[in-house]
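This report refers to the structure that appears directly beneath it.
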Amino acid sequence: MVLIGVALIVIGFAFRLNSLVVVTVSGLITGLIGGLSITDIITQFGEAFTTNRYMSILIVTLPVIGLLEKSGLQNQAAKLVSKIKAATAGRIINIYLLIREIGAALGLNSIGGHPQTVRPLISPMAEGAAEAKYGKIPKKDKEDIRAHAAAADNIGLFFGEDIFVAVGGILLMKGFFDQNGIDSDPIMMALWGIPTAIFAFIVHSIRLHRFDKKLKQKFSPKNAKIRNGTTIRM
């Protein structure tokens, strides 16, 4: 019965409910089913927060990012990129993917991230590159660009960090193998992560190239019709 908390999290995420509320309610119900009192459950929450309080240090950076955005950081980033003729949305994101993956491979996981890099810098730069080439683009295509920028961050971090030997994933696998009597070398595991990271970079670079071609095809003059003075994209 205590595993019902897992089911609640799955259901909550499936219905796209507020993740903080879903996890909190799941923890409360799991604790009550497990025989804990409300006081004990709240104590457990407090101890977990105190133990992992370094995870909340990201919150400290959010006001700084908010002030920078209010001061026009996104506009300046878009304006700067729009002056580079060779820049496209896909190329901007691809360069960030490369930097993100190499940084993660060197253990520099904090040089990127969605709130501190993708939202204030990479997405506006990619959107600025697209609008410099094709003019004003619809909201849906802006959302696609933002999604690709966020995906590049995830992919770069996920496959890059496995090359760094001191990352939690490598140490977790080392501990698992040791517990099951399997001899393993963390350095070799990290080295074998290099081909995977290279392949992931190539595959996603192809995806970004195809995304550029899709934008070019969609917003090329031959696919636009003028109706009543309004340009309609096909």
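The values are calculated or read from the model by the stated rules, or taken from the named source; none is laboratory data. Note that the structure is a prediction, hence the values are computed from the model and not measured. Cβ sites come from the backbone with ideal geometry, for glycine too, and all protein chains shown count toward neighbours. Ligands, DNA and RNA are excluded from the accessible area calculation, which covers all protein heavy atoms including side chains. Shrake-Rupley method; radii C 1.70, N 1.55, O 1.52, S 1.80 Å.
List pairs: first residue in region 68-91 and more than 17 Å from Asp144 (Cβ to Cβ), second residue open to solvent by 100 Å² or more (accessible area, probe 1.4 Å) and modelled with pLDDT of 80 or more anywhere in the structure, Cβ distance under 9 angstrom, at least six positions apart or on different chains.
Glu69/Arg119; Gln74/Arg119
When the residues of region 146-167 are narrowed to those that are in contact (Cβ under 8 Å) with a residue 60 or more places away in the chain and within 18 Å of Val203 (Cα to Cα), which ends up surrounded by the most Cβ atoms within 10 Å (Cβ to Cβ)? Please lay out each step first, then the result.
Keep residues of region 146-167 that are in contact (Cβ under 8 Å) with a residue 60 or more places away in the chain, which gives 148, 156, 160, 164, 167.
Those still in the list that are within 18 Å of Val203 (Cα to Cα) too: 148, 156, 160.
Numbers: His148: 22, Gly156: 25, Gly160: 29.
Filtering region 146-167 for residues that are in contact (Cβ under 8 Å) with a residue 60 or more places away in the chain and within 18 Å of Val203 (Cα to Cα), the one surrounded by the most Cβ atoms within 10 Å (Cβ to Cβ) comes out as Gly160.
Just to be sure before I move on: is Ala190 touching a helix residue (DSSP H, G or I) at 6+ places or on another chain (Cβ under 8 Å) and either over 18 Å from Ala129 (Cβ atoms) or at pLDDT 85 or above (or both) in the structure I sent?
Details: touching a helix residue (DSSP H, G or I) at 6+ places or on another chain (Cβ under 8 Å): yes; either over 18 Å from Ala129 (Cβ atoms) or at pLDDT 85 or above (or both): yes.
Taking the combined requirement at face value, the residue satisfies it.
Determine whether Gly181 is of a type in the set (Gly, Ala, Ser) and assigned to a helix (DSSP H, G or I).
no
Check whether at least one residue in region 201-211 is among the hydrophobic types (A, V, I, L, M, F, W, C), open to solvent by 80 Å² or more (accessible area, probe 1.4 Å), within 30 Å of Glu143 (Cα to Cα) and at pLDDT 80 or above, and report yes or no. Even if it seems obvious, please write down each step before you answer.
Kept after step one, since they are among the hydrophobic types (A, V, I, L, M, F, W, C), are these residues of region 201-211: 201-203, 206, 208, 211.
Now restrict to residues that are open to solvent by 80 Å² or more (accessible area, probe 1.4 Å): 202, 206.
Cutting the leftovers down to within 30 Å of Glu143 (Cα to Cα) gives us 202, 206.
From what's left, at pLDDT 80 or above: 202, 206.
Yes, the conditions are met somewhere in region 201-211.
Give region 168-187 a look and list any residue that's exposed (fewer than 11 other Cβ atoms within 10 Å of the Cβ), hydrophobic (A, V, I, L, M, F, W, C) and at pLDDT 80 or above, or say none. Step through it out loud before you land on a result.
Within region 168-187, the first condition is being exposed (fewer than 11 other Cβ atoms within 10 Å of the Cβ), and the residues that meet it are 168, 172, 179-183, 187.
Filter again for hydrophobic (A, V, I, L, M, F, W, C), leaving 172, 182, 187.
Within region 168-187, Ile182, Ile187 qualify.
Would you confirm whether any residue within region 132-145 is small (Gly, Ala, Ser), in a helix (DSSP H, G or I) and either surrounded by fewer than 15 Cβ atoms within 10 Å (Cβ to Cβ) or within 22 Å of the chain's Cα centre (by Cα) (or both)?
no
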